Every structure is written in structure tokens, then in C-alpha cells.
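Enquirer: Take this structure first; my questions come after.
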Amino acid sequence: MSGAAPQGLAQLQERYIRFAEHEAKGVSPLYEALARAVAESEALLGFIASLPEPKQQPNLVFAAVRRLYGTPAGPAHFAELVARHAEPIRALVLRRSTQTNEPGRCAVLLPALARLPQPLALLEVGASAGLCLLPDRYGYDYGRARLLPPPAGAQPPPVFPCLANDATPIPDELPRVAWRAGIDLNPVDLRDPDEAAWLEALVWPGNEPRSARLRAAIRLAREHPPAVVKGDLAADLRAAAASAPRGATLVVFHSAVLAYVQPEERERFARRVAELGAAWISNEFPGVLPHVAAKLEEEPPTNRFLLAVDGDPVALAGPHGQSIDWLR
């Protein structure tokens, strides 16, 4: 055991139950089962509680085990791996972070991007490897409409499926991007096979088509590498935006990023975006930006992202870009 206080273990237990019920359920049966197993195991809770609090995330712990030893066959196998290989798992968890660079999220960003004055200057914070900086180079299948980019390169681009409600303003053409750049505390170098393999380890089991599309997006990004620089999302925002061309609409955007910074830092970041005069597209769980969620007429579901433009909610979205329901 870690020596963690019973209250801390209870909170950790609740965290894994919440992950099982609100994030993994219906998306990854294995991760749901693993999370419930952690919540019921004193030994597993003890191991995870011995990690620094920011490193106790289910995604991170599960991905580290899969990266080192392959996908567990089930909860018993997972518990055995942790018991036998605690120190290598701990070392990888401490070295890595959940930089899930899910390019499928471009499918829910696209309708918002297309409504802005073109061309666009895209600046993503928490960009990881920059895969979401290439929305104009991917294909999209919304069921009632399909968009494909012009042929480029030897390999076909990934096509991201996204279930869209009738109110979603699916564009007739892809946005025009004049400039693109990203900021990340630890940018991912896709030229490094180990870095690319870590991104794939972050894709949940049971989502194999996502893995295939991720690999296709990585190939595309290696051919057309977006510029991602090391920096802080608030402190370095102005410097990163300084290179954007004046004739393009500057768009600052992010997906599943602000949950990893303190609430006061989120507010500081929002003020910096406003000072830039940029369009701001956020794609986060509703609780991350409560002042944005408060503008909704009804309580939003906890298992979907809230897509907002300049602080105004416009859609509910699947966390991995698998669905979008436009609100107005």
C-alpha cells in the first residue's frame, strides 16, 4: 500500500468509477472493466495512489501498461502486470503524459472553422504532435455529406466518421488555411517511432479503426509537418500568434486541454485570447469552463464535450470527434 489517507483512496476510487461510468462505458468495454477493477482493488488503488496526483489518470496508467506489455486480456491480467512490473510502469507513467492527439476531433471543429472568415490562421494550444492542425488535409464522413481534400501524396488521407444531427452546418468545402502553428509544454516529435507509438498506445482498446486513422494522420503529418513549439498556453500565446499573417482570421483553439491546468490559469488564458482579438474555439468537457456551460438552457451531459465559439456554446460533441449535435 502507498500509505495514502483513506480519504485520498476514496477519492481515487471515485475517480476510477466515474471514468468507467461516464467515459469508458459504451466506448471501450475493456477500459470500463479495468477502471471498475481498480476501484475494487486495494492493491491497485495503493499503487496508483503512490503516483503524483497528476499522474493518477486512468488513461495514463492504462496506456503505460499497454505500451510496455501489450493490451491486458482482462482485469486479472492487468492486476498481475502491475504487481509484477510496478517499477517499469511507474517510470513510464512519470515520464509520459496523456497527450492524446486525436485527429478525429477535427470533424467537430470543422463546422465552426468553416463559419469564420477565410482564410484562417490556426493556433492550437496543447497541440501535442499537431495532428489537429491539419483539418484541411483530412476527409470527413458525416453520413449525409462527405468531404475529401484534393489528392496529395502517395497515401490516401484518413476519413473521419462523425454522426451529425440535422442542425449541424456541415460545410460544402474544407476551410482554407493560410498558416498553422501549435504550442505544447512537451511537443511530440512524430519522426521518433517511440513517440508515435506512445500516441497509438493512448487510443483505447476496442477503437481499432481510430488507431488505423491515427496512423494515416501521422503519415500525413510527417509529409506536411505542422510547426509545434515548446511553450505555455497562456504565457507564450502572444509570441506564437505574432507570426500569423494579417490577412487571415486568427483562430486559437484547443480540445481536451484546459482540464489539465488550474482554474485560474484557464481564466488567464481566456483573457489572453480576448486581448489578441482572435476567434476562440474551445472543445472541452462542460465542467472545465463552467461560465460557458452556464449559458446552456439545460444541464449538459457529462460524457460529451461542449464546443464553444468565443465563449458561446454551439454544439455537444463526442470526446473523440465521433459525433456532433449542433445546438442552434
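The values are calculated or read from the model by the stated rules, or taken from the named source; none is laboratory data. These numbers were taken from a predicted model, which means no experiment stands behind them. Please note: Cβ atoms are built from the backbone with ideal geometry, for glycine as well, and neighbour counts cover all protein chains shown.
Enquirer: Filtering region 133-151 down to residues that are of a type in the set (A, V, I, L, M, F, W, C) and out of contact with any Asp or Glu (no Cβ under 8 Å at 6 or more places or on another chain), which residue is surrounded by the most Cβ atoms within 10 Å (Cβ to Cβ)?
Expert: The selected residue is LEU134.
Enquirer: Collect the residues in region 68-89 that are crowded, with 18+ Cβ neighbours inside 10 Å and of a type outside the set (A, V, I, L, M), keeping them in residue-number order.
Expert: PRO72, PRO75, PHE78, listed by residue number.
Enquirer: Could you identify the single residue in ALA196, ALA279 that is in contact with a Leu (Cβ under 6 Å, 6 or more places away or on another chain), at pLDDT 95 or above and aliphatic (A, V, I, L, M)?
Expert: Residue meeting the stated conditions: ALA279.
Enquirer: Restricting to region 305-326, name every residue that is surrounded by fewer than 19 Cβ atoms within 10 Å (Cβ to Cβ) and over 14 Å from PHE253 (Cα atoms).
Expert: Residue satisfying the conditions is ASP325 alone.
Enquirer: Read through the list (1) more than 21 Å from ASN59 (Cβ to Cβ); (2) in contact with a strand residue (DSSP E or B) (Cβ under 9 Å, 6 or more places away or on another chain); (3) in contact (Cβ under 8 Å) with a residue 40 or more places away in the chain, then give the number of the only condition that GLY318 fails.
Expert: Condition not satisfied by GLY318: (1).
The rows are residues; the columns are (1) within 20 Å of ASP184 (Cα to Cα); (2) assigned by TED's automatic domain parsing to the domain that holds ARG146; (3) not hydrophobic (A, V, I, L, M, F, W, C).
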position: VAL61; (1), (2), (3): no, no, no
position: ALA64; (1), (2), (3): no, no, no
position: PRO72; (1), (2), (3): no, no, yes
position: PHE78; (1), (2), (3): no, no, no
position: PRO88; (1), (2), (3): no, no, yes
position: ALA91; (1), (2), (3): no, no, no
position: LEU113; (1), (2), (3): no, yes, no
position: GLY130; (1), (2), (3): yes, yes, yes
position: LEU133; (1), (2), (3): yes, yes, no
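Enquirer: Name the one entry in PRO169, PRO175 that is farther than 25 Å from PHE19 by Cα and in contact with an Asp or Glu (Cβ under 6 Å, 6 or more places away or on another chain).
Expert: Within the list PRO169, PRO175, the selection yields PRO175.
Matching residues to (1) within 13 Å of the chain's Cα centre (by Cα); (2) not hydrophobic (A, V, I, L, M, F, W, C):
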residue: THR98; (1), (2): yes, yes
residue: GLU102; (1), (2): yes, yes
residue: LEU113; (1), (2): no, no
residue: LEU122; (1), (2): no, no
residue: PRO135; (1), (2): no, yes
residue: PRO151; (1), (2): no, yes
residue: PRO157; (1), (2): no, yes
residue: LEU163; (1), (2): no, no
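Enquirer: Just checking, does region 28-39 include any residue being over 14 Å from LEU9 (Cα atoms), assigned to a loop (DSSP other than H, G, I, E, B), in contact (Cβ under 8 Å) with a residue 12 or more places away in the chain and of a type in the set (A, V, I, L, M, F, W, C)?
Expert: Scanning region 28-39, I find no residue that is over 14 Å from LEU9 (Cα atoms), assigned to a loop (DSSP other than H, G, I, E, B), in contact (Cβ under 8 Å) with a residue 12 or more places away in the chain and of a type in the set (A, V, I, L, M, F, W, C), so the answer is no.
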